[in-house]
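A quick write-up on the structure given underneath.
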Amino acid sequence: MDGKCKPFMDPATDAAPPPSFLEAISSVAGPSSSFQTRLACVSLHMNDRIRFLNFSPAEVRALREELGTVWPIQEVRSYGGAEEFKFRDYPWVGKANGDDKSRRLVKRMLESLYDMGWVLQAAVDISKKSLDEDTLVFRYQNPPPPPCDWLCISFDWTNKMKIVDAPPPDLAGALVSEFMSNHRLKSHELESDRLKLKFHGQPWQANGEETIQVRLLLLKLLEVLERFGYSFYASVDQVNGTEEADVMVIAASWKEMRHPLEPGQTSPTGNPHFNSGSYFQRASSPTGSDNGKSSMDSDRDHTSPSMIRTTSNSSWKWGSR
């Protein structure tokens, strides 16, 4: 048989096929007796509860202390093998312009778990009950990964974006410049605890070809964040109904470079838990609203659209298809 008719696989001449995924994992992990994956999950329920499954009592106590500093806890009880925190008031009830306090609650939870060594693997909606939100699946890592700086990003009303807590001034300036030049940014306000951005039109309820422009805005948002060392970590549906879109949680390691990458520059890969490797210690936030460039229009009591996502390699969908 000549070269042109050579079969796709010739056992006599071709190398052995690569090992399967399980074989590769086994070769790295060593004998099964010395390798065991610990998994746990966190689920949000009703309007005021979080349930922790497969965490140790010490970890649950630490979470109770941490989360109680953000939102008062009314009751802690065992529930079907899980530990349930019931909060005062209703953190999972949607509000027209969002609830920064409830977003800080989710951010603090993810941060606390991460510092313990629990790294998020997936956010899954496995319930059809109207008052159940996402289930977050975590994998334990020992030693824990390096500490990170955390931000959360929300999409409010039909045309507003909020970054809580406020990003460093240089990152805020880069976002404002990009959105002003290419994405119809109408106004912005940098305060001590958040950056608020308002766009022309209604991008979170886009129709037709405008839906493509919204996705380009999302890509550019992530690109700018990556350039300043922040990488996507999670997207969480923490509210019942469609009053609020998902909250994106962003993280950056403290132990890498301070300055942003130039466009096109390749980032190092010091942290295996994020796609980007360029990280820096967060600069101090401004101390007052006089640092903002302009004022936002007054908030109005309307609802924002839902944003559908998966996590890790997430995709988002706003408005109409």
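Since every read-out is calculated from the coordinates, none of them should be taken as a lab result. The model shown is predicted, which means the values in this text are computed figures rather than measured ones. Cβ atoms come from the backbone with ideal geometry, glycine included; neighbour counts cover every protein chain shown.
Would you tally the net charge around R77, using a Cβ to Cβ cut-off of less than 9 Å, leaving R77 out, and scoring K and R as +1, D and E as -1? Counting the neighbours of R77, the net charge comes to -2. Loop-only trypsin sites (Lys or Arg not before Pro) in the stretch 54-116, please: DSSP not H, G, I, E or B, and at most 15 other Cβ atoms within 10 Å. Counting only loop positions with at most 15 other Cβ atoms within 10 Å, the trypsin sites (Lys or Arg not before Pro) in the stretch 54-116 are R88.
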